[in-house]
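> Questions regarding the structure given below will be posed in turn.
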Amino acid sequence: MDLNEFSYRRNQLLKMMGENSIAILPTASIHYRNRDVTFPFRADSNFYYLTGFPEPESVAVLIPNRSQGEYILFCRERDPERETWDGRRAGIEGACEIYGADDAFPITDIDDILPGLLEGKVHIYYAIGHDQDFDQRITAWINQLRQATRSGVKAPMELIILDNLLHEMRLFKSSEEISTIRTAARISAEAHIHAMQVCHPNIMEYEIEAGFLHHFFRQGCKAPAYSSIVAGGNNACILHYTDNNASLRSGDLILIDAGAEYDYYAADITRTFPVNGRFSPAQKIIYELVLKAQLAAIDKVRPGNHWNDPHEAVVQVLTEGLVAIGLLRGEINTLIETEAYRKFYMHRTGHWLGMDVHDVGDYKIDGQWRSFEPGMVLTVEPGLYIPENCSEVGSQWWGIGIRIEDDVLVTSEGCEILTAAVPKTVDEIQNIVGTS
């Protein structure tokens, strides 16, 4: 992403912070997988959103109207020996010359320098609660200043949750962010299409997952946006199933929930299709009901409508359909009021999408569902799940788990389905499964 994008974001935040304030953003910590093997490092989303800096052991500091520079970056120094083992570092010079910091210091000097930057500030903007170790360091720096008040040192008076400003910024995507999400969506869509083409009875769930990872990495993605769900048969009734170690059986459905992360932005797609390429009569009935609900929900994604409108549309369609096929009994409005549908549909219809697959941003404002506005990106993902041995329904419905999920951009005139390239009608799916 263009470095000007990060500069623009910092300037917007600096304007909102006001005088006599300071914002402090540490990046993510390195975590060990086992012994001396670490998990792949990914920068904290808030930190990266403002800096574009990809290295660990880094802290960004923003100070409005600081004469020596408003953007300070603490990071690792260049170290030829460690770089031989662990890879190149930007260093203090690179932090300024490559990543646009106004000033930079070694991360090892932060305890000596940061208390001085805090002195005289009234407000500290910081995302407390995300990193307990760093929370303690913030507290220690403040206490250090408080202990020196008799010498005329002025300690900060107020700690403000940075999320309140930053998450609202992240909710509305710029044109460059939307372009990046489009790329993640395209890569993910291609992988889903390929999975449909290569699927056949007796293939393993993890073989399908491997195809996704192969395609993601070949297209320049460093990781999937989340752990892929590849769930055959009754496994699809486990909402966050990630074992992905079963053999796919002819006659079963397979539910795949997988998306790429491209340049720190996520895609999130779910498709469900028959392993052998043909829906059974019962599978087709449930599938077309979920698809009808999804289309009704997407139709509600437009400026002026509120966040819960798509969910309400899904609940209405699914409840009516479940009554029509005999899986629920009773009066529609009563079944909706008592949430009788939750036995088969127990989750919400979507979430915000961006740098995090479950992205930041309030869903309500002052207790009311917020309205859709251009630049928001969300998922729309209704489903129905009928596990094996569900005594309330006939056995023809058992083991059917279906979810259909697309990524949707709110536009000035309505919405755009960013993942529309992936087939989802019955005829489209039956014409593509197993064709490779």
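> Out of the residues in the stretch 284-311 meeting the condition of being in contact with a Ser or Thr (Cβ under 9 Å, 6 or more places away or on another chain) and either farther than 26 Å from Arg186 by Cα or of a type in the set (S, T, N, Q) (or both), tell me which one is least open to solvent (accessible area, probe 1.4 Å).
Once the filter is applied, the top-ranked residue is Gln294.
> Now a separate question. Only residues that are surrounded by 22 or more Cβ atoms within 10 Å (Cβ to Cβ) and under 28 Å from the mean Cα position of the chain (by Cα): list them for the stretch 59-95, please. So that I can check it myself, show each step before the final result.
Taking the stretch 59-95 as the starting set, the residues that turn out to be surrounded by 22 or more Cβ atoms within 10 Å (Cβ to Cβ) are 60-63, 71-75, 90, 95.
Within the stretch 59-95, Ala60, Val61, Leu62, Tyr71, Ile72, Leu73, Phe74, Cys75, Ala90, Ala95 qualify.
> Of all residues in the stretch 290-302, which are in contact (Cβ under 8 Å) with a residue 24 or more places away in the chain and part of a loop (DSSP other than H, G, I, E, B)?
Filtering the stretch 290-302 for residues in contact (Cβ under 8 Å) with a residue 24 or more places away in the chain gives 290-294, 297-298, 301-302.
Across the stretch 290-302, the qualifying residues are Val301, Arg302.
> Name every residue in the stretch 152-169 that is without any contact (Cβ under 8 Å) to a residue 24 or more places away in the chain and either assigned to a helix (DSSP H, G or I) or under 20 Å from Tyr48 (Cα atoms) (or both), in order of residue number.
Scanning the stretch 152-169 gives a single hit, Asn164.
> State the number of residues belonging to the stretch 411-436 that are buried (at least 20 other Cβ atoms within 10 Å of the Cβ) and touching a Leu at 6+ places or on another chain (Cβ under 7 Å).
Of the residues in the stretch 411-436, 3 are buried (at least 20 other Cβ atoms within 10 Å of the Cβ) and touching a Leu at 6+ places or on another chain (Cβ under 7 Å).
> Ok, one more. Just to be sure I understand, how many residues within the stretch 190-205 are in a helix (DSSP H, G or I) and either within 30 Å of Leu50 (Cβ to Cβ) or open to solvent by 20 Å² or more (accessible area, probe 1.4 Å) (or both)? Reasoning before the result, please.
We begin by selecting, within the stretch 190-205, every residue in a helix (DSSP H, G or I); these are 190-198, 205.
Imposing the further condition that a residue be either within 30 Å of Leu50 (Cβ to Cβ) or open to solvent by 20 Å² or more (accessible area, probe 1.4 Å) (or both) reduces the set to 190, 193-194, 197-198.
Final tally of qualifying residues: 5.
> Somewhere in the stretch 130-142, is a residue more than 30 Å from Phe212 (Cα to Cα), open to solvent by 30 Å² or more (accessible area, probe 1.4 Å) and not in a helix (DSSP H, G or I)?
In the first step, residues of the stretch 130-142 are kept if they are more than 30 Å from Phe212 (Cα to Cα); the result is 130-142.
With the extra rule that they be open to solvent by 30 Å² or more (accessible area, probe 1.4 Å), the set shrinks to 130-133, 136-137, 139-140.
Cutting the leftovers down to not in a helix (DSSP H, G or I) gives us 130-131.
Within the stretch 130-142, one or more residues are more than 30 Å from Phe212 (Cα to Cα), open to solvent by 30 Å² or more (accessible area, probe 1.4 Å) and not in a helix (DSSP H, G or I).
> Same structure, new question: Of everything in the stretch 391-410 that's of a type in the set (S, T, N, Q) and either free of Cβ contacts under 8 Å to residues at least 60 places away in the same chain or open to solvent by less than 10 Å² (accessible area, probe 1.4 Å) (or both), which residue is nearest to Val230 (Cα to Cα)? Working first, answer last.
Just the residues of the stretch 391-410 that are of a type in the set (S, T, N, Q), to begin with: 391, 395-396.
From the residues that got through so far, the ones that are either free of Cβ contacts under 8 Å to residues at least 60 places away in the same chain or open to solvent by less than 10 Å² (accessible area, probe 1.4 Å) (or both) too are 391, 395.
Numbers: Ser391: 26, Ser395: 23 Å.
That would be Ser395.
> Hey, does the stretch 278-289 have a residue that's in a helix (DSSP H, G or I), within 26 Å of Ile417 (Cβ to Cβ) and in contact with a Gly (Cβ under 6 Å, 6 or more places away or on another chain)?
Filtering the stretch 278-289 for residues in a helix (DSSP H, G or I) gives 281-289.
Then drop every residue that is not within 26 Å of Ile417 (Cβ to Cβ), which leaves 283-289.
Adding the requirement that they be in contact with a Gly (Cβ under 6 Å, 6 or more places away or on another chain) leaves 289.
Yes; the residues of the stretch 278-289 include at least one that is in a helix (DSSP H, G or I), within 26 Å of Ile417 (Cβ to Cβ) and in contact with a Gly (Cβ under 6 Å, 6 or more places away or on another chain).
> Among the numbered criteria (1) more than 23 Å from the chain's Cα centre (by Cα); (2) open to solvent by 50 Å² or more (accessible area, probe 1.4 Å); (3) within 22 Å of Asp299 (Cβ to Cβ), which single criterion is violated by Ser371?
Only one criterion in (1) more than 23 Å from the chain's Cα centre (by Cα); (2) open to solvent by 50 Å² or more (accessible area, probe 1.4 Å); (3) within 22 Å of Asp299 (Cβ to Cβ) is unmet by Ser371, namely (1).
> For residues that are touching an Asp or Glu at 6+ places or on another chain (Cβ under 8 Å), in a helix (DSSP H, G or I) and open to solvent by less than 70 Å² (accessible area, probe 1.4 Å), tally how many sit in the stretch 312-358.
Adding up the residues that qualify gives 2.
The values are calculated or read from the model by the stated rules, or taken from the named source; none is laboratory data. Keep in mind it's a predicted model, so treat the numbers as computed, not measured. All Cβ positions, glycine included, derive from the backbone under ideal geometry; neighbour counts span all protein chains shown. Side chains are part of the model used for accessible areas, which takes the heavy atoms of the whole protein and leaves out ligands, DNA and RNA. Shrake-Rupley method; radii C 1.70, N 1.55, O 1.52, S 1.80 Å.
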